[in-house]
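One structure is given below, encoded as structure tokens.
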């Protein structure tokens, strides 16, 4: 499998990542709609599917950002994996943990933002937006602060992640620069 990933070009991988990101967004939104209509079983099923898409997204991001910094890309992937586990356990009240998945998704977005900013193959503005989204998600850990900023934090998070998703789907990554960073790494 490692050879297959190495042979795959970065632009198609980036575009596939964008599509997986879109599928995550759509299933997560559908889960929220179903939850709002008190269809909890269907909402939980959609949340599990959304989490599956996010796990795939995490793996794809690891390979995209590995040329920037292999160790940080791995740490980011581990944060995301932990967040997905906590989010999944939250769907089952008997095994739910007393911690928020945002403890993991905040640092994940910060790390992805840093990796984008350090990359030469994606626009730095996307990295800045993702890092700000990470700071925003971490603000939810202080409920008194987050209470006043909820709409802004969620808006920033959606703007950052949707911008990255759209960029990956439409533009992909700069292949030449990605390969140059991959060779150096």
*In whole angstrom, how far apart do the alpha carbon centroids of the stretch 68-91 and the stretch 139-185 sit?*
15 Å
*Most exposed first by the Cβ proxy, i.e. fewest other Cβ within 10 Å, how do 37, 66 rank?*
37, 66
*List the relative contact order of the stretch 30-185 as a percent without decimals, with contacts defined as Cα pairs under 8 Å and 6+ residues apart.*
20 percent
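Set the Förster radius R0 to 30 Å, insert the Cβ-Cβ distance between residue 118 and residue 89 as r into 1/(1 + (r/R0)^6), and round the FRET efficiency to 0.05. Present the calculation step by step, with values, prior to reporting the outcome.
On the way: r = 33 Å, r/R0 = 1.08.
Between residue 118 and residue 89 the formula returns 0.40.
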_Compute the orientation-averaged projected area for the stretch 119-185 from the convex hull of its Cα atoms and round it to one decimal in nm²._
5.1 nm²
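When a footprinting reagent is the concern and you count Cβ atoms within 10 Å, what order do 46, 13 take, fewest first?
Details: 46 21, 13 18.
Ascending Cβ contact count within 10 Å gives the list 13, 46.
So what's Rg/Rh here for the stretch 1-91, counting alpha carbon atoms and using the Kirkwood radius for Rh?
Working: Rg = 14.9 Å, Rh = 14.1 Å.
Answer for the stretch 1-91: 1.06.
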*With axes computed from alpha carbons, what is the tilt in degrees of helix 40-65 against the longest principal axis of the chain, rounded to the nearest 10 within 0 to 90?*
20 degrees
_Linear extension gain, residue 170 paired with residue 29, 0.36 nm per residue minus alpha-carbon span_ = 48.6 nm
*the stretch 98-155: Rg/Rh from Cα coordinates, Kirkwood Rh?*
1.05
*Find the eigenvalues of the gyration tensor of the Cα atoms of the stretch 2-179, then list the square roots of 5 times those eigenvalues as equivalent ellipsoid semi-axes, largest first, in whole angstrom.*
27, 18, 15
*Relative intensity, log₁₀ I(q)/I(0), of the stretch 47-115 from a Debye sum that treats every alpha carbon as a point, q = 0.19 Å⁻¹*: -0.69
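Rule-based calculations on the coordinates, nothing more; no lab input. What you are looking at is a predicted structure, and each value in this text was computed from that prediction instead of being measured. When we count neighbours, we look across all protein chains shown, and the Cβ atoms used for this are built from the backbone with ideal geometry, even at glycine.
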